[in-house]
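The values are calculated or read from the model by the stated rules, or taken from the named source; none is laboratory data. Quantities reported herein were computed from a predicted structural model and do not represent experimental measurements. So basically every Cβ, Gly included, is an ideal-geometry build from the backbone, and we count neighbours across all protein chains shown.
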């Protein structure tokens, strides 16, 4: 009996579907049995995981379902910390973190593995940036072994593995324009939601009852008149939410110039507007200035392509002063944050933090003090006149100094090589014939530039900053789609 070409092609897909249904059914049963024996937070997390798995059994494109779920869950701070350690040292990783986005990411890896197994194919893993990234992880391992607290170092290494898994999947398995559209749609649904939540938190001066999803119960209050409320959405910290908008608002502005249906453009504009309002509600000076500059740069590039360089310069000469007057001249809480209500002592306090970081780098120039050990050892390196760590023991407010202090100059060099590989992958995508790929590439490139510019006056955990690893993987995939 002969089998048609179409039947031969559909047979592996049907087998993958049956295998996925079997695996999902088993996992649902196991998760439910485990959940009923655990505490409320565990129960809720595993119960939601079971519902997600059950929803994935509905006929349709399961990969697209989980890609959308992954993009939407990135800024949601639901997570568990296994072997949680209580410590007076803040701004570090206190356990083996299991974050919400691990659930859809695990499902996507299972789908990927199942397809390769049943089709007898090899996983086409993107190698862009993997060599310096693997070496950076190795430098992190060495820094932990040579550093002080092995357990806390292991916490950060575990978080880094999860981030690498996110990057590898996004850079390797985003293969079609349709999948790109799914990711972008879910991503800006998340931007819209975070903007709405941030504005709601600012207006009500409350967490909106979203503590379980990552919001902080006690919002940050700006000292001195006027008393400003700074919000963090479901990410938690105001500056962390601002860096989320750093990455993705330029992308949204760039996509507005892409050929779209009017309804799609209206929804995207609504999401971008919501995100900008949310960014303003964080009162992050670095985020507002750098993201605003990035969006203006995209506007200038787009105008230059449509009306020419000279006219674009003239338009910019009119637009920029008007925006500066609206933001900084008219009395608003935002103006007060920049000029009147800010505690300049905190801003000045960032200067001696650089001295502490430099002392660490001089003492351990090759592999640093160890991942996740910065704040623990900082008092030993504090020879500043005001003994800054005794009153404000936080990491240096510079991403690259922070990396160098923890993993040494070797770790910093490897990280920079990894960034260079990501940015190089975007170059062909910027000139792609497909307007969606070209527009998304410009937005991602500017977003990453904004993110790292803001990072020169702010700190964040390199190992668990999922938004950056997601954007990095998206950048590599855009390069692959353009070739």
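Please work out if residue 159 is closer than 25 Å to residue 63 by Cα, out of contact with any helix residue (DSSP H, G or I) (no Cβ under 9 Å at 6 or more places or on another chain) and not assigned by TED's automatic domain parsing to the domain that holds residue 245.
When the stated conditions are applied, residue 159 passes them.
Hey, does the stretch 437-450 have a residue that's within 19 Å of residue 159 (Cβ to Cβ), buried (at least 22 other Cβ atoms within 10 Å of the Cβ) and outside the structural domain of residue 105 (by TED's automatic domain parsing)?
As a first pass, look at the stretch 437-450 and keep what is within 19 Å of residue 159 (Cβ to Cβ): none.
No, the stretch 437-450 contains no residue that is within 19 Å of residue 159 (Cβ to Cβ), buried (at least 22 other Cβ atoms within 10 Å of the Cβ) and outside the structural domain of residue 105 (by TED's automatic domain parsing).
Of everything in the stretch 215-232, what is part of a loop (DSSP other than H, G, I, E, B) and either over 17 Å from residue 196 (Cβ atoms) or at pLDDT below 75 (or both)? Give them in sequence order.
Listed by number, the residues that qualify are 216, 217, 218, 219, 222, 223, 224, 225, 226, 227, 228.
Among the numbered criteria (1) part of a helix (DSSP H, G or I); (2) surrounded by 17 or more Cβ atoms within 10 Å (Cβ to Cβ), which one does residue 460 miss?
Here residue 460 clears every test but (1).
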